[in-house]
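**Q** Have a look at the structure that comes next, please.
The values are calculated or read from the model by the stated rules, or taken from the named source; none is laboratory data. Keep in mind it's a predicted model, so treat the numbers as computed, not measured. Positions of Cβ are generated from backbone atoms using ideal geometry, with glycine treated the same way; all protein chains shown enter the neighbour counts.
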Amino acid sequence: MAAQKVLIVDDEFSIRDMLRMALEISDFECLEAENIQDAHRIIVDERPSIVLLDWMLPGGSGLELLRRLKRSDTTAEIPVIMLTAKTAEENIVQGLDVGADDYVTKPFAPRELIARIKALLRRTEAGDQRGRLEVEQLVLDVDSRRIFVANAPIEMGPTEFNLLLFFMSHPERAYTRNQLLDHVWGANVYVEERTVDVHIRRLRKALEGGIVDYSDLVQTVRGTGYRFSAKGMVAE
């Protein structure tokens, strides 16, 4: 099996070099870019499996590149981990809102980052799951990783897809944020609880953008977390 490609986008050579060594030890193939122009060209030409993206870059910010990737049908599905020294909560929320699938602050432990990369790739691929899930006119096709509403495709990121897959596979039950983190993100990966709320908002936004608005299927359960319900019941 060919090694999965990881694109490292960072203007600091020492960071790229350290990441490259850690990734190659874990059998990843590494691509490198030090600005958003080179990064976008490599993404289009090489189609990496995942992108590690710094925020502060010459010639434009990593957030600018992230927006550009998520606007394009050809690159929107590529998972992105923000890897940045910006540690403020508003920065983390902004990065996740724009479309990042994970957010890691510097300094970081390479082993933890590798674990996050592997977990994100497992979620994105969902290789061991097959089938088609339907709720009214909402259809999730696991094999093609596509979502349809009234036969029209709707766009959503890989983490939102996996969140919806879990919800549609386990309807009518309330889950805490920690339970969703364990089931969707993976029990061995540390992700803060507020990350769940950001992705829930993005999932609802995607579901309301189709021919039929299905955003109310993802319900907030006060004091607990979230549930997926086709019964249209008001959350407690």
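**Q** List the strands (runs of 3 or more DSSP E) that sit entirely inside region 142-236 and contain at least 2 residues that are at pLDDT below 85 and more than 30 Å from residue 108 (Cα to Cα).
**A** Hits in region 142-236: none.
**Q** Scanning for something farther than 21 Å from residue 5 by Cα and in contact with a Lys or Arg (Cβ under 7 Å, 6 or more places away or on another chain), does region 58-66 turn up at least one residue?
**A** Taking every residue of region 58-66 in turn, none turns out to be farther than 21 Å from residue 5 by Cα and in contact with a Lys or Arg (Cβ under 7 Å, 6 or more places away or on another chain).
**Q** Just to be sure before I move on: is residue 163 over 21 Å from residue 50 (Cβ atoms) and outside the structural domain of residue 94 (by TED's automatic domain parsing) in the structure I sent?
**A** no
**Q** Identify, please: which residue in region 70-98 is of a type in the set (A, V, I, L, M) and buried (at least 23 other Cβ atoms within 10 Å of the Cβ) and is, among those, nearest to residue 160 (Cα to Cα)?
**A** Checking each candidate, the answer is 80.
**Q** Find all pairs meeting these conditions: Cβ atoms under 7 angstrom apart; at least six residues apart or on different chains; first residue within region 24-35 and within 20 Å of residue 12 (Cα to Cα) and in contact (Cβ under 8 Å) with a residue 24 or more places away in the chain; second residue in a strand (DSSP E or B) and not aliphatic (A, V, I, L, M).
**A** Pairs that qualify, where the first residue is within 20 Å of residue 12 (Cα to Cα) and in contact (Cβ under 8 Å) with a residue 24 or more places away in the chain and the partner is in a strand (DSSP E or B) and not aliphatic (A, V, I, L, M), are 29/5; 31/5.
**Q** Same structure again: Assuming residue 26 fulfils every condition listed in (1) in contact with a strand residue (DSSP E or B) (Cβ under 8 Å, 6 or more places away or on another chain); (2) modelled with pLDDT under 95; (3) on the phi < 0 side of the Ramachandran plot apart from one, which condition is it?
**A** Among (1) in contact with a strand residue (DSSP E or B) (Cβ under 8 Å, 6 or more places away or on another chain); (2) modelled with pLDDT under 95; (3) on the phi < 0 side of the Ramachandran plot, residue 26 violates only (1).
**Q** Moving on to the next point. From the residues in region 67-108 that are under 13 Å from the mean Cα position of the chain (by Cα) and of a type in the set (Asp, Glu), which one is nearest to residue 5 (Cα to Cα)?
**A** 77
**Q** Looking at (1) surrounded by 15 or more Cβ atoms within 10 Å (Cβ to Cβ); (2) over 22 Å from residue 90 (Cα atoms); (3) not basic (Lys, Arg), can you tell me which one residue 213 breaks?
**A** (1)
**Q** Tell me, which residue of region 127-141 that is touching a residue at least 60 places away in the same chain (Cβ under 8 Å) and either buried (at least 16 other Cβ atoms within 10 Å of the Cβ) or assigned to a strand (DSSP E or B) (or both) is nearest to the chain's Cα centre (by Cα)?
**A** It comes out as 138.
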